[in-house]
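See structure below.
The values are calculated or read from the model by the stated rules, or taken from the named source; none is laboratory data. Treat the numbers as computed from the prediction; the structure is a model and nothing was measured. Cβ placement follows ideal geometry from the backbone for every residue including glycine, while neighbour counts extend to all protein chains displayed.
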Amino acid sequence: GALRATGALAAVFVLWGLLAPRPGTDHAVRLAQTVRVLTAPGERVLVWTMHPETYWLAGRPPASRYLTAGLLTNHSGGRSGADVGEPYAVPGTWQVFRAETTADPPRLLVDDSGGGDWSPRHLPTLRALIADRYRPAGTVDGARLYVLRDR
């Protein structure tokens, strides 16, 4: 009776979990593969994202303590538009971010914002960092990759 029905329902959920498409995970895996190609082990990278699993999947250390754009932009929990941007960041985060990315610039910078309201085009500090120090290195599923220019 009830035990059999519960077991069948559990089996359905397990199969669904194993077989359901995972577009976000697939994207992160493809992105991580490209990060590994463009960087050497131990080289720091900055992935401008809300999904930091790319660091782990790529096996590369993050260039900043801020693994997502949330604290630097207030983009999280459904916030968007007028309440997102540098002025809405947790106080002091952009100063720390600038210090981290200036002292030891990441070899690779990945813009995985999808052009949203928290993308570099809306953030003067990040936009200037990319323009001053990086050159385009391609795209992966819409994510833009930038390699540190040799100086």
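Quick look at the numbers
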{"quantity": "Single unsatisfied condition, A82 versus (1) assigned to a helix (DSSP H, G or I); (2) closer than 23 Å to D132 by Cβ", "calculated": "(2)"}
{"quantity": "Candidate set: the stretch 41-71, residues that are more than 13 Å from the chain's Cα centre (by Cα) and in contact (Cβ under 8 Å) with a residue 40 or more places away in the chain; chosen: the one surrounded by the most Cβ atoms within 10 Å (Cβ to Cβ)", "calculated": "R44"}
{"quantity": "Checklist (1) part of a helix (DSSP H, G or I); (2) under 28 Å from D150 (Cβ atoms); (3) at pLDDT below 95 applied to S113, failing item", "calculated": "(1)"}
{"quantity": "Scope the stretch 74-87; condition surrounded by fewer than 16 Cβ atoms within 10 Å (Cβ to Cβ), at pLDDT below 90 and more than 17 Å from V47 (Cα to Cα); matching residues", "calculated": "G77, G78, R79, S80, G81, A82, D83"}
{"quantity": "Positions within the stretch 116-151 being in a helix (DSSP H, G or I), charged (D, E, K, R) and within 19 Å of N74 (Cβ to Cβ), in sequence order", "calculated": "R121, R127"}
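Rundown of residues vs (1) farther than 22 Å from G116 by Cβ; (2) modelled with pLDDT of 90 or more; (3) part of a helix (DSSP H, G or I); (4) in contact with a helix residue (DSSP H, G or I) (Cβ under 7 Å, 6 or more places away or on another chain), yes/no style:
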| residue | (1), (2), (3), (4) |
| --- | --- |
| L18 | yes, no, yes, no |
| A28 | no, yes, yes, yes |
| Y66 | no, yes, no, yes |
| L72 | no, yes, yes, yes |
| V90 | no, yes, no, yes |
| V96 | yes, yes, yes, no |
| T101 | no, yes, yes, yes |
